[in-house]
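Notes follow the structure.
No lab work stands behind these numbers, since they all come straight from the coordinates. In this text the structure is predicted, and so the values were computed from the model without any measurement. Neighbour counts run over all protein chains shown; Cβ positions are idealised from the backbone, glycine included.
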Amino acid sequence: MENKDNKDNKENKDNKDNMDGKRIALYLVLVFSLTYIYEYVFVVSPIRAGDGANVANMSLWVAIAMFFPALCAALTRLITGEGFGSSCISFNLKEGRYRYYLLAWFLPGIMTLIGIFIYFICFGDDFSYDMKFMIDTYAGQGITGITPEAARKSAISKAITAFLIGPILNCLTCFGEEWGWRGYLLQKLKSRLKPLSLMIITGIIWGLWHLPLTLVGHNYGTDYAGYPYLGILAMILFCFSIGTFFSFVTLKTDSCIPAVIGHGAVNSIGSLGILFTNDGGRMLLGPSPTGIVSGIPILILAVILIWFLINNEEKEK
């Protein structure tokens, strides 16, 4: 009788693994095909055609694209009959898990500030105490008479707002990504892959999902050596680094909500360093956290978190 039960359990597990494999494949096909088609129509084509009206609304088109991972997760659940149980959206604050929410709220901002500091140490000629880029940006919008002191105060105010309420202000669009990547794909892959492989593969997937935007210069521009390949690799590296943090807080809480908060924090504070540059900085290198140099602190954090996950896995054996 016991052997029969064991055999049934093994068959059930094999069936579940096979079904989950099909769900992973379906999800990836949906999220890449729908996103790429959408971004080609509303982002890539207008930029290449010089369509000023659509280019002016680029931030809106990009924000809408952030909902596609969640949409495709929902479609996969519906198509495969999985339903919406274990949706990974409970807060799960018991057993001290609230500390991961605090980490998600503040650590990305701290890492971003450290990255900005490293960038300006490496490229001091980019730093403008007189807030040249910020003042020039205001002037381009028809706002003149801004003094460097006023611009610095405005930048500091923006930074404080980004730290304190930025994660909440950005939570809607960030939920669109995180319920898909961390709330669905991560959950399907975590039992199949070791921590390092899990973070590398999900980082590559997430980075390549940004491919159309990288090709048209959304994060790095197009006037850098090695375009577009170096930009693609830089985006994959960033997605691996920050994605590891988002995955870590998700795994520790069994909820994608901390990842939503952390993603919101990154989006709210990410452009701060640019305000202190002469002309926007060397986009591929920084000072935004997507840059190769300014992203170093987040990369180091990712390595530390993977080490923790591997150690925890060894202890649980």
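A few comments on the model shown:
- Listed peptides 131-140, 187-196 appear in the order 131-140, 187-196 once ranked by packing, highest mean of other Cβ atoms within 10 Å at the front.
- Extending 7 Å from the Cα toward the beta-carbon at both TYR38 and LEU233 defines two label points whose distance is 3.0 nm.
- For the pair ARG99 and ALA63, a Förster radius of 25 Å applied to the C-beta separation gives a FRET efficiency near 0.25, rounded to the nearest 0.05.
- Two-site FRET efficiency, ASP17 against LEU71, from Cβ-Cβ distance with R₀ of 30 Å, rounded to 0.05: 0.75
- Measuring r between the beta carbons of SER154 and ILE89 and using R0 = 35 Å, the FRET efficiency lands at 0.45.
- Basic side chains Lys and Arg get +1 at the Cβ, acidic Asp and Glu get -1 at the Cβ, and with that the dipole of the chain about its Cα centre reaches some 640 debye.
- Cβ-based charge dipole, the chain, positive-most Cα from PHE245, SER86, LEU186: SER86
- With each label modelled as a point 7 angstrom along the Cα→C-beta vector, the ILE201-ILE110 pair spans 3.2 nm.
- Rounded if a/c under 1.5, otherwise prolate or oblate - the range 208-302, Cα gyration tensor axes: prolate
- Pairwise centroid distance, computed over Cα atoms, of the range 105-128 with the range 184-218, Å: 25 Å
- Anisotropy class of the range 79-190 from Cα gyration tensor, a/c 1.5 cut: prolate
- When you restrict to C-alpha pairs under 8 Å that are six or more residues apart and normalise by the size of the chain, the relative contact order lands at 28 percent.
- Just so you know, the averaged projected area of the alpha carbon convex hull for the chain sits at 18.6 nm².
- Each label point was placed 7 Å from the Cα along the Cα-to-Cβ direction; for LEU193 and VAL29 their separation is 2.0 nm.
- For the chain, calculated [θ]222 nm from helices alone, where every DSSP H run of n ≥ 4 adds -39500 (n - 2.57): -22000 deg cm²/dmol
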